[in-house]
Amino acid sequence: MDRFAVISDIHGNLHALEAVFARIGKLDVQGIICLGDIVGYGPFPSRCIDLVIKHCTSVIQGNHDEAVINEQCEAGFNGPAKEAVAWTRSVLGPLHLDALSRLKTTDHPHASVMCIHACPVEMITDYVHDARMAALAFDGVDRSICLLGHTHVPMIFEAPRKTLEDGSIVSIEPHELISYVPRNEASVSLDSQKRYICNPGSVGQPRDADPRASFAILDLAANTFTVHREEYDIAAVQLATQNVGLPTILAERLAVGA
Ligand code: ZN
């Protein structure tokens, strides 16, 4: 398989997920990789779990998925996030909770690709959102391309491939990295001599001021990473968020992509 769709951070947003899957269906991919956080924040956790399990060939566990099945993992969450995790836990049945508990924390869906939800190195903060964090994160990347989510912002970091004589990889300094902010449908070329961290953005709660659902196509034959943005019925999800009693802020932020 050499052409994958990459989705992440769905967060119980069924309408965004359905819109993304409909679009992916027209993009001729051999597999769909989900980088985690299927649930948390949004009002449709069980239906999102069902769709992801049905359609995705590789599914990673995110920190919200983990917090739903293990209360100790929500320690760093803010108020609305904690409230949403508790609500999600209360509405999921044993089969869905079991499905979340079975998800892997890392995966290698292709010989040159590793997947993780947040960061391949354990750090105090695990948001890979700038060159300083990406340089540290590259120490844990064991393939040419690392796919990760968690920040809800689409981003590509490119690093030189520096190896010692014995083949071991040398750490990267932040100034050696090139960052790309991928625009909608503009393919970014990946150089096979370099290493990459690629983030597809968030399906269900984008935070880059563009409220459209975000996902990506990783084409290993063409060597490109292309982010796509998809409109969906935001008002319907906002209404459902309020109807189940989740914090208002979780509905409001969807409209502004924050
Ligand atoms: Zn998330």
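Of all stretches in the chain that contain no GluC sites (Glu not before Pro) in a DSSP loop with at most 12 other Cβ atoms within 10 Å, the longest one is 1-121. Near the amide H of Ser58, within less than 5 Å, lie the amide hydrogens of Ile32, Cys34, all on another chain or at least 5 residues away, with H placed in the peptide plane. Taking Cα centre as origin and charging only the Cβ of basic (Lys, Arg, +1) and acidic (Asp, Glu, -1) residues, the dipole magnitude of the chain rounds to 380 debye.
Here the Karplus relation 6.51 cos²θ - 1.76 cosθ + 1.60, evaluated at θ = phi - 60°, turns the backbone of segment 149-159 into coupling constants of x, 6, 7, 6, 10, x, 6, 10, 10, 10, 10 Hz, with x for every Gly and Pro. Loop-located trypsin sites (Lys or Arg not before Pro) in segment 170-203 (DSSP state other than H, G, I, E, B) with a sparse environment of at most 14 neighbouring Cβ atoms within 10 Å: Arg183.
For the residues Asp50, Asp28, a 1.4 Å probe over the protein chains yields an accessible-area ranking, largest first, of Asp28, Asp50. On the chain, 50 percent of the accessible area sits on carbon and sulfur atoms, based on a 1.4 Å probe. Given a 1.4 Å probe and the protein chains as shown, Tyr127 ends up with an accessible area of around 80 Å². Here the calculated FRET efficiency for Thr248 and Met123, from their Cβ-Cβ distance with R0 = 51 Å, stands at 0.95, rounded to the nearest 0.05. Extension gain for Asn70-Val181 works out to 36.6 nm (0.36 nm per residue, less the C-alpha to C-alpha distance). Of Asn223, Phe157, Ala235, which is farthest on the positive side of the dipole of segment 119-258, counting Cα position, with +1 on Lys and Arg Cβ, -1 on Asp and Glu Cβ, and the Cα centre as origin? Going by the Cα projections, it comes out as Ala235. State the number of lysine pairs found in the chain whose Cα atoms come within less than 25 Å, restricting to pairs 8 or more positions apart or on distinct chains. Value for the chain: 4.
Dividing the helix sum by the residues of the chain, where each DSSP H run of 4 or more adds -39500 (n - 2.57), gives a mean residue ellipticity at 222 nm of -8500 deg cm²/dmol. Among beta bridges from DSSP that stay inside the chain, the antiparallel ones total about 65%. On a per residue basis, the convex hull of the C-alpha atoms belonging to the chain measures out at 117 Å³. Among Val121, Val181, the sequence by solvent-accessible area, most first, with a 1.4 Å probe is Val181, Val121.
Using R₀ = 41 Å, calculate the FRET efficiency as 1/(1 + (r/R₀)^6) where r is the Cβ-Cβ separation of Ser192 and Ala255; round to 0.05. That gives a FRET efficiency of 0.50.
Once R0 is set to 41 Å, what does the formula 1/(1 + (r/R0)^6) return for the Cβ-Cβ distance between Glu165 and Asp98, expressed as a FRET efficiency to the nearest 0.05? The value I calculate is 0.30.
The values are calculated or read from the model by the stated rules, or taken from the named source; none is laboratory data. Everything numeric in this text was worked out from a predicted model, so none of it was measured. Every residue, glycine among them, receives a Cβ derived from its backbone with ideal geometry; neighbour counts consider all protein chains shown. Surface accessibility is based on the protein's heavy atoms, side chains included, excluding ligands, DNA and RNA. Shrake-Rupley method; radii C 1.70, N 1.55, O 1.52, S 1.80 Å.
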